[in-house]
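One structure is given here, and the rest of the page talks about it.
The values are calculated or read from the model by the stated rules, or taken from the named source; none is laboratory data. Computed from a predicted model, the values in this text were never measured in an experiment. No Cβ is skipped: glycine too gets one built from the backbone with ideal geometry, and neighbour counts run over all protein chains shown. These accessible areas exclude ligands, DNA and RNA; they are computed on the full protein's heavy atoms, side chains included. Shrake-Rupley method; radii C 1.70, N 1.55, O 1.52, S 1.80 Å.
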Amino acid sequence: MALWLCIIAIVISILVGWKFKLNTGILAMGFAFVIGICVMGMKASAIIAFWPTTIVFYLLSISLFFNYATENGTMEVLGQKLLYAMGGNAKLVPFAIAAVSAIVGGLGAGASTPAIVGPFAFVMAATAGVNPVLTAIAITFGNLVGSNNPYNGYGGSISKNLIIANGVDEVTTMDWSLKIWFNCCIITIIIIVLFYLVLKGHKADKVAMGQRPPAFNPIQKRTVTILLAAFFLMVVPPILNTWIQGVAILSTLNQLCQPQVIMMLGALLCAVLKLGDEKTVIRKIPISTIVMIVGVYSLIKVAAEAGLVDFISGILSSSIPRLLVPAAIVLFAAFLSFFSSSTSTVMPLMYPMVPALAASLSLNPITLYTCIFFGGLATACSPFSTGGAVCIAANPYEDQKELLSNKMIVAALVCPVITIIAAELGLFSLFQA
């Protein structure tokens, strides 16, 4: 009963929040405490422990750092200069953002890519009149291309290890992993293009007309220097640590240069140098977004304690028509990933099912692995996932954050649908095992 109460509570929280313009997180947190304590016998401290502290700290550090650059006008001028450097061609901006995200993610930044690329991407996109949802999609799915490659990508490496654990030799595993990654690249490009076609529409902009953007003032120059230094520190040490293994000083430097650490130190430096009004910067921290994420995430974790993951895996392992197996796998992987981590929960849970399914139903294992791999990643833009939350927080425009959070929930529901259609059309069966 507790599980069904949790599922009903999730639906009610989202629908009531949307209908009456209430913060969904407050409703979800209330349900989490009531169901967890009164129905499941949990302690209040255990439910509070579900709060996603890593995501919250990411949101705080990004906001504090980049709010200085927004408050003193640096980000606005920087956006104009970035667009001017592209020749003012606004139509290319989403694809340029996706390409940069793929490169930065592929170089080793991984899950930190939205925090690194996001602030610059959103200001350039806003200057070009690009829909912020399209910008978030370009950042998120562009990063998936780079950070999930089978050579040094975090998700790609986990996928390889899980396939080997299923009894596949290393040479075959690498071959399959490359094909899985190619499948994911194809569907990623399809998703970005589809969102581009639906959400495109660029306002006329002075920079796009060829007018040279204004110069940075002295405060903005100091801010840009700090931004560039932070960008360097967030990108280079992780790359070196990925490529050069076993060097203690690089490992320590990599920990020191984690994005949340660098951005918190950057915010401190901006405060000391008086590069913006500190009270205004703090007021612009997206508290409503933080409350929404904390509340819904806590309710989801209570649902997980009530047996959500076992419930879904039980359904998947029951009798499903062969034709619908790829769609079912994508659906359940996406559903579980919406509430948990794809790499730490979904893939370890579902990958062991592949050999038996492939043998009993005569299905291509590469197709099944791809369905799980990208099915779990299809909801990466959800504001309740680390990637989605960090991407939203990286948007320096305060008035866009709450609206973007709501719309990214819709996007996180649409992307699995696109993935299911692709799976059923055979796009994940282009490469055979």
Of all residues in the range 243-276 being among the polar types (S, T, N, Q), part of a helix (DSSP H, G or I) and free of Cβ contacts under 8 Å to residues at least 60 places away in the same chain, which is least open to solvent (accessible area, probe 1.4 Å)? Asn254
Note on Glu402: of the conditions (1) over 15 Å from the mean Cα position of the chain (by Cα); (2) surrounded by 24 or more Cβ atoms within 10 Å (Cβ to Cβ), unmet is (2)
Answer from Ile226, Ile239, Ile262, Ile244 - the residue that is more than 30 Å from Leu3 (Cβ to Cβ) and at pLDDT 90 or above: Ile226
One residue is enough: does the range 277-288 have a residue meeting the conditions among the polar types (S, T, N, Q), in contact (Cβ under 8 Å) with a residue 40 or more places away in the chain and either closer than 13 Å to Ile62 by Cα or buried (at least 21 other Cβ atoms within 10 Å of the Cβ) (or both)? no
Out of Val414, Val410, report the one residue that is open to solvent by 10 Å² or more (accessible area, probe 1.4 Å), more than 11 Å from the chain's Cα centre (by Cα), within 25 Å of Phe50 (Cα to Cα) and not acidic (Asp, Glu). Val410
Do the conditions hold for Thr345, that is, is it within 19 Å of the chain's Cα centre (by Cα), open to solvent by 30 Å² or more (accessible area, probe 1.4 Å) and on the phi < 0 side of the Ramachandran plot? yes
Given the options Ser337, Ser319, name the one that is among the polar types (S, T, N, Q), at pLDDT below 90 and surrounded by 24 or more Cβ atoms within 10 Å (Cβ to Cβ). Ser337
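Can you give me the number of residues within the range 36-87 that are farther than 25 Å from Val123 by Cβ and in contact with a Phe, Trp or Tyr (Cβ under 8 Å, 6 or more places away or on another chain)? Before you say what the answer is, go through the steps one by one.
First pass over the range 36-87, keeping only residues farther than 25 Å from Val123 by Cβ: 36-54.
In the following step, the residues that additionally are in contact with a Phe, Trp or Tyr (Cβ under 8 Å, 6 or more places away or on another chain) were identified as 44, 47, 50-52.
The number of residues fulfilling the criteria is 5.
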Kindly indicate whether Gly210 is outside any helix (DSSP H, G or I) and either modelled with pLDDT of 80 or more or exposed (fewer than 12 other Cβ atoms within 10 Å of the Cβ) (or both). yes
With the structure loaded, tell me whether Ala126 is open to solvent by 10 Å² or more (accessible area, probe 1.4 Å), in contact (Cβ under 8 Å) with a residue 40 or more places away in the chain and under 21 Å from Val346 (Cβ atoms) or whether it fails that test. no
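Is at least one residue of the range 36-45 open to solvent by 10 Å² or more (accessible area, probe 1.4 Å), in contact (Cβ under 8 Å) with a residue 12 or more places away in the chain and outside any helix (DSSP H, G or I)?
Step one: of the range 36-45, the residues open to solvent by 10 Å² or more (accessible area, probe 1.4 Å) are 37-45.
Now narrow it down to the ones that are in contact (Cβ under 8 Å) with a residue 12 or more places away in the chain: 39-40, 42.
If we keep only those that are outside any helix (DSSP H, G or I) as well, we get 40, 42.
For the range 36-45, residues open to solvent by 10 Å² or more (accessible area, probe 1.4 Å), in contact (Cβ under 8 Å) with a residue 12 or more places away in the chain and outside any helix (DSSP H, G or I): present.
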Residue set Phe384, Phe428; condition among the hydrophobic types (A, V, I, L, M, F, W, C), open to solvent by less than 20 Å² (accessible area, probe 1.4 Å) and part of a helix (DSSP H, G or I); output residue Phe428
Of all residues in the range 49-77 being assigned to a helix (DSSP H, G or I) and free of Cβ contacts under 8 Å to residues at least 60 places away in the same chain, which is farthest from Ala229 (Cα to Cα)? Thr53
Give the range 388-398 a look and list any residue that's closer than 20 Å to Gly153 by Cβ and in contact with a Ser or Thr (Cβ under 6 Å, 6 or more places away or on another chain), or say none. Gly388, Cys391
For the structure I just gave you, tell me whether Phe311 is at pLDDT 80 or above and open to solvent by 40 Å² or more (accessible area, probe 1.4 Å). no
Residues of the range 232-285 satisfying the condition of being among the β-branched types (Val, Ile, Thr), over 19 Å from Glu398 (Cα atoms) and more than 25 Å from the chain's Cα centre (by Cα): Ile244, Val247, Ile249, Thr252, Val272
Of all helices (runs of 4 or more DSSP H) completely enclosed by the range 78-162, which ones contain at least 1 residues that are modelled with pLDDT under 80? 93-104, 113-128
Which of the following residues is at pLDDT 90 or above and assigned to a loop (DSSP other than H, G, I, E, B): Val168, Val198? Val168
So which residues in the range 71-92 are crowded, with 24+ Cβ neighbours inside 10 Å and within 24 Å of the chain's Cα centre (by Cα), if there are any at all? Met75, Gly79
